[in-house]
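Right, one structure below, let's go through it.
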Amino acid sequence: MPAKQKKAAKKKATAKKAARGPYVRGVQRRRELLEAVLRLVARKGVSAVTHRAVAAEANVSLRATTYYFATKEDMIREAFRFFTEQSLEMIDDTAGLFMKLEVVPETATDLLAEQVRRESRNPNTSWAAEFELMLAIAREPSFAPEYREFQLRIDERLQAVMEILGSADPARDARIVLAFMRGFELEQLSRPNRKARDGNFKGDLNRLINSLVAGRD
């Protein structure tokens, strides 16, 4: 390569590297703001989300929040998407731990119980935030598409598990299992001492899954 072309290529690579810095910082700042939105939603509900409140929660200037999100609705909608992405990534990671194991009801129970535990410990997949966001759909239907897509992808994953286990009606059984899990999460949120019921969860879930696939060949 001629010296002139080498110089041009080096200059272009340097410029690209320099531009990457602000981009990465911007992505990180946006993530921090979305995490702040989810913390606010979990503690105080969707109604507490304002540019000023999010700025205070994230410890940034008000200008930073308005730069990334034009309206309150934009913040909530993007936080919705961020929540679903984080949750689905966690589901896939957890499923990967069990891919090489024999798929029996007990294995499925372990997988799902581990997923519930991981969600409960991660502020980005807070149960309180999820239920608050679900309730927000009733007041603002425009939030529904984000959650509908999330629901479909969870249904697909649970249905695949129930199919492997030999369920006669995987789609229906997947919905029953998901309803049980969400009921457990909601019940836990209402209890000051959440560990009191936690010990029974795995046994109850295993009994449910075994009952659903009891008629398999």
Open item on the list: I'd like to know if region 139-159 contains one or more residues that are of a type in the set (Ser, Thr, Tyr), closer than 24 Å to Ser47 by Cβ, part of a helix (DSSP H, G or I) and free of Cβ contacts under 8 Å to residues at least 60 places away in the same chain.
Closed with: no
Open item on the list: Can you confirm whether Thr65 is buried (at least 17 other Cβ atoms within 10 Å of the Cβ) and touching a His at 6+ places or on another chain (Cβ under 9 Å)?
Closed with: yes
TODO: Give the residue, chosen from Arg172, Arg182, that is assigned to a helix (DSSP H, G or I), free of Cβ contacts under 8 Å to residues at least 40 places away in the same chain and over 24 Å from Arg39 (Cβ atoms).
DONE: Arg172
Open item on the list: Condition first: under 19 Å from Ala48 (Cβ atoms), touching a helix residue (DSSP H, G or I) at 6+ places or on another chain (Cβ under 9 Å) and not in a helix (DSSP H, G or I). Can you find one or more residues in region 122-130 that meet it?
Closed with: yes
Task: Count of region 57-79 residues which are more than 23 Å from the chain's Cα centre (by Cα) and among the basic types (Lys, Arg) - done: 1
- [ ] Taking the options Glu119, Glu89, name whichever one is buried (at least 16 other Cβ atoms within 10 Å of the Cβ) and of a type outside the set (Ser, Thr, Tyr).
- [x] Glu119
Open item on the list: Just to be sure I understand, how many residues within region 57-75 are part of a helix (DSSP H, G or I) and either among the polar types (S, T, N, Q) or at positive phi (or both)?
Closed with: 2
- [ ] Answer with yes or no whether Ala58 is surrounded by fewer than 18 Cβ atoms within 10 Å (Cβ to Cβ), at pLDDT 90 or above and over 30 Å from Ala108 (Cα atoms).
- [x] no
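The values are calculated or read from the model by the stated rules, or taken from the named source; none is laboratory data. All values reported here derive from a predicted model rather than from experimental measurement. As a convention, Cβ positions derive from the backbone with ideal geometry for all residues, glycine included, and neighbour counts pool all protein chains shown.
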